[in-house]
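Report on one structure; see the data block that follows.
The values are calculated or read from the model by the stated rules, or taken from the named source; none is laboratory data. What you see is a predicted model; the values in this text were computed from it and never measured. So basically every Cβ, Gly included, is an ideal-geometry build from the backbone, and we count neighbours across all protein chains shown. Note: areas computed on protein heavy atoms with side chains; ligands, DNA, RNA excluded. Shrake-Rupley method; radii C 1.70, N 1.55, O 1.52, S 1.80 Å.
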Amino acid sequence: MSLTDLQPLDPVTLEELPPVATASLDDVDSAATSSAAAMASSWPTDHRRRAEVLHAWADLLRTESESLATDLVRETGKTRSEADAEILGSIDSLRFNAGLARLPLGSAGSLWDGTEAHLVRQPVGPTVFITPWNWPVLLLLRDLAPAFAVGVTALVKPAPQTTHITSRIVALGHRAGVPNEVLQVLPGGADVGSALVRHPATAAVAITGSTTAGQAVMRDAAETMTRPLLELGGKASMLVLPDGDLEAALTQAARAAIVTSGQMCMACTRVLVHQDQLAAAEKILHDAFSHLTPSDPRRPDSLLGPLVSEAAMEKVSGYVDLARRDARLVVGGEQVHPDGLPGHFLVPALVADVDPSSPLVQDDIFGPLLTLESYGNDEDALALSNATPFGLAASVWSRDLSRAISTARRLQAGTVWVNGYNRSYAEMPSGGVRMSGLGRTRGVDGLAQFSELKHIHLSV
């Protein structure tokens, strides 16, 4: 292995996965240059061809879904059921955006002086896609599918941990008919991503990652005014109003707290209940957490697997230790080794009696730790829900739909679920506010992120 190689590990067994050879600066320059040249090809203008390619790509993912899910489990440590769901969601994203590729974009109208104005949307240009390790297939195709629907060319910088599965997905795209120069993979660390974003030939960047990573991308993008799409960290809360279905809400909260072992930006990290229901809520969550045991994620019945790395375990364990010192650890927080597996498995932790200013509430922990907090009235509940710097997702529960919608409007989050959690659709735009990011992807609105609006004026 050369000095420029990166060495990912299987999170379950800690065995070495194939090393990742990082792209050089010359590779970055060559790829960006060819990506820009491909914008002059028929790819951006042949809408029907792009629609056919996206459908064919979805067909190939369907055919290879079993082995792709197996690779996902091996590289991420996520459960088999979650890996299957990720592949299905990726197929859906490709199919939905295949239809949008045929959608004529823009408008036209007459102006007051008798002239005509045409508003047209054109692909923004070569776009960098920086993807995370936790949902590497879906979070790539969630952004790439609408980008291809409008006709951009793509430079993909995957997380080193999931370079193999990303390269497989890209290879299937090539088999489906995406030209090589239209879709390229540049493996490596943050330096490769930075070089791509700062390259004068790239026009836009889409990143899903931590807030720190997004801030670095913003600084790089400023050099050449590269358009950013940032979906970053989160601190999603579930607010249960006094008339909400407490047991149904908290049962969902417990399961939502362990999605990808809590290593997911929309995982539920906070539960807020009325002070009169605090004791009942703690009992429900305690009972639910007592059944959420880490296990081998390769088993079909596994609920949660390991954290992705030793560094992740050290970080999350630090917060568990903080909970023991400054709050009350209700249940969980132990490191375990199910079936003798050496991976970094952590029993989900429920924390109570925590101050809202604590890092346990304010930080994006990115692990299976859920805080239980209480409020006295609706105004207190809203203030507490909005008391972190993040704003990616939230949930509100009430049997009064008018009350729930009114509350949802005041929650500072890009997505608010009412009487549910973690419902995501190719049809609906997603993204964050505040420290959770900028821009929107998915849905018809997602097309705007990867296109430029141009006014063409006709003097007639």
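Restricting the first member to segment 96-120 and to residues that are under 26 Å from residue 46 (Cβ atoms), and the second to residues that are part of a loop (DSSP other than H, G, I, E, B) and open to solvent by 50 Å² or more (accessible area, probe 1.4 Å), no beta-carbon pair is closer than 6 Å while six or more apart or on different chains. Set side by side, the residues 370, 341 differ, and just one is in contact with a Lys or Arg (Cβ under 8 Å, 6 or more places away or on another chain), of a type in the set (A, V, I, L, M, F, W, C) and crowded, with 20+ Cβ neighbours inside 10 Å, which is 370.
Among the residues of segment 1-47, those identified as among the β-branched types (Val, Ile, Thr), farther than 28 Å from residue 297 by Cα and out of contact with any Gly (no Cβ under 6 Å at 6 or more places or on another chain) are 4, 28, 33, 45.
Within segment 10-64, the set of residues being of a type in the set (A, V, I, L, M, F, W, C) and either without any contact (Cβ under 8 Å) to a residue 24 or more places away in the chain or assigned to a loop (DSSP other than H, G, I, E, B) (or both) comprises 12, 14, 17, 23, 39, 40, 43. A search for C-beta distances below 6 Å between a residue of segment 67-81 that is within 15 Å of residue 303 (Cα to Cα) and any residue that is buried (at least 22 other Cβ atoms within 10 Å of the Cβ) and of a type in the set (S, T, N, Q), counting only pairs 6+ apart in sequence or on different chains, returns 78/260. Could you say whether any residue in segment 377-389 is at pLDDT 95 or above, at negative phi and touching a Gly at 6+ places or on another chain (Cβ under 8 Å)? There is no residue in segment 377-389 that is at pLDDT 95 or above, at negative phi and touching a Gly at 6+ places or on another chain (Cβ under 8 Å). For residues in segment 402-423 being in a helix (DSSP H, G or I) and of a type outside the set (D, E, K, R), which is nearest to residue 441 (Cα to Cα)? The selected residue is 408. The set of residues in segment 379-401 being assigned to a helix (DSSP H, G or I) and surrounded by fewer than 22 Cβ atoms within 10 Å (Cβ to Cβ) consists of 379, 380, 382, 383, 384, 401.
Among the residues of segment 339-367, what is the count of those that are of a type in the set (D, E, K, R) and under 23 Å from residue 287 (Cα atoms)? Count: 1. Of all residues in segment 65-79, how many are open to solvent by less than 30 Å² (accessible area, probe 1.4 Å), in a helix (DSSP H, G or I) and of a type in the set (Val, Ile, Thr)? Qualifying residue count, segment 65-79: 2.
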